[in-house]
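See structure below.
The values are calculated or read from the model by the stated rules, or taken from the named source; none is laboratory data. What you see is a predicted model, and the numbers here were worked out from it, not measured in a lab. Cβ placement follows ideal geometry from the backbone for every residue including glycine, while neighbour counts extend to all protein chains displayed. Ligands, DNA and RNA are excluded from the accessible area calculation, which covers all protein heavy atoms including side chains. Shrake-Rupley method; radii C 1.70, N 1.55, O 1.52, S 1.80 Å.
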Amino acid sequence: MTDKAFASQADVEEKNVSFDKLSDRAYAYTAEGDPNTGIVIGDEAVMVIDTQATPVMAQDVIRRIRSVTDEPIEYVMLTHYHAVRVLGASGYRPRHIIASRDTYDLIVERGEADMKSEIERFPRLFRAVESVPGLTWPTLVFDKRLTLWLGKLRVEIMQLGRGHTKGDTVVWLPDDRVLFSGDLVEFGATPYTGDAYLTDWPVTLDALEALNPAKLVPGRGAALQTPDDVKQGLEGTRAFVTAMFDAVKRGVEEGRDLRTIYHETYAELKPKFGHWVIFDHCLPFDVTRAYDEATSFRDPRVWTAQRDKEMWQTLEG
Ligand SMILES: [Zn+2]
């Protein structure tokens, strides 16, 4: 056996949910570093941004939405393909499920493998997993940018660059200056980079910053309610991604093997970022992808439940 329990299998403590208002039309469902859900309330319809991991878990989001509006939930928007964000979609019975073409392509290519892998990595996050009817298939697929009017409310759905995945999509409310970033930005939570484009990620963060958001709902962590908090979220994510990738590239240049690079990177990052949730879970996946990108794999390789465990044994065993 390994010293550390695989991924987040030892994380079983339920988190406290917050339902925070960012503007009259924007809310955030957050849970102390567990995956967030964003809510946009238009004039006649509601959009949910990322779904929670199962339809049963989605019911708690719906209950909170019903405390502020009776409008129908017509749209589910997927910021990217990860199972923990998309498999609750059926719980909302939406008219449309929106995703970028790159996200759609990733679901086709690796959705099934990702579902099995994620459920084994983090069982707590898939409460009532038997209620998941299968993969979530988008019904409305766009290229790069989609503008949606929910009555008078303009909603900009944009792919501003690759980072956490190839398909990353943000939702921007220009009138309220509220941004829903998905996992491109985390706050007090470790960025997962196992499927990332690490060279591109900081450039994409620049594009998010250029929108000059007043408020931001990150993929994990508390809703950022002031420009200062937004800046902290963007800078913290950038600092982690950059420091991690730089450490791995240095190890590659100096000819060290993956296991050695992992332990050196862990030691370097732990003092600065070790207090962020899921640090120990993410870092082996993060360093493995960084090593791939720094050596021979332009695109992230597919994680399977089997590959997850082999990697963990190699780095932590
Ligand atoms: Zn993700």
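GNM on the chain, C-alpha springs below 10 Å: top fluctuator among GLN52, GLN306, GLN225?
Maximum fluctuation in the GNM of the chain, among the listed residues, is at GLN306.
With every protein chain left in place, what is the accessible area per residue of the chain in square angstrom, probe 1.4 Å?
40
Which whole-number percent is the relative contact order of the chain (Cα, under 8 Å, 6+ apart)?
For the chain, the relative contact order is 18 percent.
Please list, by residue number, every one of the trypsin sites (Lys or Arg not before Pro) in the stretch 146-218 that is coil in DSSP and has at most 16 other beta-carbon atoms within 10 Å.
Hits after loop and neighbour filter: LYS152.
Please work out the Cα center distance from the stretch 273-317 to the stretch 213-236, rounded to the nearest Å.
Their Cα centres are 26 Å away from one another.
Of all the stretches in the chain, which is the longest one without any exposed loop site, taking GluC sites (Glu not before Pro) in a DSSP loop (any state but H, G, I, E, B) with at most 10 other Cβ atoms within 10 Å?
Longest site-free region, per DSSP loop and neighbour criteria: 15-253.
Any chance you could give the angle, 0 to 90 degrees and rounded to 10, that helix 227-253 forms with the longest Cα principal axis of the chain?
30
Checking the cross-link filter: which aspartates and glutamates have an alpha carbon closer than 14 Å to that of LYS309, excluding same-chain neighbours under 8 positions apart?
ASP3, ASP114, GLU118, GLU120
Could you tell me how many degrees, from 0 to 90 and to the nearest 10, lie between the Cα long axis of helix 55-66 and the main elongation axis, the longest principal axis, of the Cα atoms of the chain?
Helix 55-66 sits at roughly 40 degrees to that axis.
Can you tell me the convex hull volume per residue for the chain, based on C-alpha atoms, in Å³ to the nearest whole number?
Dividing the Cα hull volume of the chain by its residue count gives 117 Å³.
Take the solvent-accessible surface of the protein heavy atoms, probe 1.4 Å, and return the percent of it on the chain that carbon and sulfur atoms account for.
50
With a 10 Å cut-off between alpha carbons and a GNM built on the chain, which of PRO35, PRO174, PRO202 moves the most?
PRO174
What residue among ALA26, ALA243, ALA83 shows peak mean-square fluctuation when the chain is described by a Gaussian network model with Cα springs under 10 Å?
ALA243
Could you size up the charge dipole of the stretch 1-78 around its Cα centre, putting +1 on the beta carbon of Lys and Arg and -1 on that of Asp and Glu, and report it in debye to the nearest 20?
60
How tilted is helix 279-294 with respect to the longest principal axis of the chain? Cα atoms for both, answer in degrees (0 to 90, nearest 10).
Helix 279-294 sits roughly 70 degrees off the main axis of the chain.
If one computes P(r) from the Cα atoms of the stretch 1-57, what percent of pairs lie at distances over 17 Å?
The answer is 51 percent, as a whole percent.
Contact order normalised by length for the stretch 124-246, with contacts defined as Cα pairs under 8 Å and 6 or more residues apart; what percent is it?
Dividing the mean separation by the residue count of the stretch 124-246 yields 21 percent.
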